[in-house]
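Just so it is clear, none of the values below were taken in a lab; they were calculated from the coordinates. Small disclaimer: the values here were computed from a predicted structure and weren't measured. Cβ: placed from backbone, ideal geometry, glycine included. Neighbour counts: every protein chain shown.
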Ligand SMILES: NC(=O)c1ccc[n+]([C@@H]2O[C@H](COP(=O)([O-])OP(=O)(O)OC[C@H]3O[C@@H](n4cnc5c(N)ncnc54)[C@H](OP(=O)(O)O)[C@@H]3O)[C@@H](O)[C@H]2O)c1
């Protein structure tokens, strides 16, 4: 099973603010959906709290250390290892680490594919993207200009490593 991460990062490495995404970029949400649809997504409890519901047509595996936590419509896992095993046992081919920072930090060393949306702006925030690790090779990139619904230009990048 391929383990991938998908994330949107500002020029100054910000990914979150006050428990939320620090921008409104429907073009990126659409891209996120198109990439992750039909797959297992693994997310931290705080990221789940922000989203507030399971994302449809994906198996949502929420990570928490709190064994009284429940998330209707989601699978709850108590370690990254357990979350990955759930996806593997279901026959998943590519599972997605979808954040936040705590989950990226732990999972990035295991990832072989990275989908990064570069948000071309410097954004205030309180959550930074952890170190991505070494060996990433750019496979593709596509720029999308800002418009009336998307305040910043973005670049969709895909990286892989051996
Ligand atoms: N820009 C992007 O693409 C993007 C993507 C995702 C999220 N974000 C942003 O990132 C921020 C949230 O990130 P965060 O780092 O604060 O929180 P997070 O990673 O979403 O969640 C952290 C929580 O996950 C649980 N957890 C972490 N590691 C675990 C492990 N190994 N085993 C079991 N449970 C584990 C713990 O939950 P308990 O406390 O319940 O034990 C921990 O408090 C938000 O601002 C969000 O909007 C941005």
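Descriptive notes on the structure:
- Residues 106, 142, ranked from the fewest to the most other C-beta atoms within 10 Å, line up as 142, 106.
- Over the stretch 64-143: Kirkwood hydrodynamic radius from C-alpha pairwise inverse distances, Å: 15.2
- Residue with peak Gaussian network fluctuation, the chain [Cα springs, cutoff 10 Å], from 150, 47, 60: 150
- 0 to 90° range, to nearest 10: angle between helix 26-36 axis and the chain longest Cα axis: 40
- Gaussian network model of the chain, springs between alpha carbon atoms under 10 Å - residue of 148, 81, 11 with greatest fluctuation: 148
- Degrees between helix 80-89 axis and first principal axis of the chain (Cα, 0 to 90, nearest 10): 80
- Among 39, 20, a tally of other beta-carbon atoms within 10 Å of each Cβ gives an order, fewest to most, of 20, 39.
- Simple label model, 7 Å out from Cα along Cβ direction - residue 81 to residue 93, nm: 2.9
- Chain lengthening between residue 24 and residue 2 when straightened (0.36 nm per residue, less Cα-Cα): 5.0 nm
- Its alpha carbons give the chain an Rg and a Dmax of 15.1, 44 Å.
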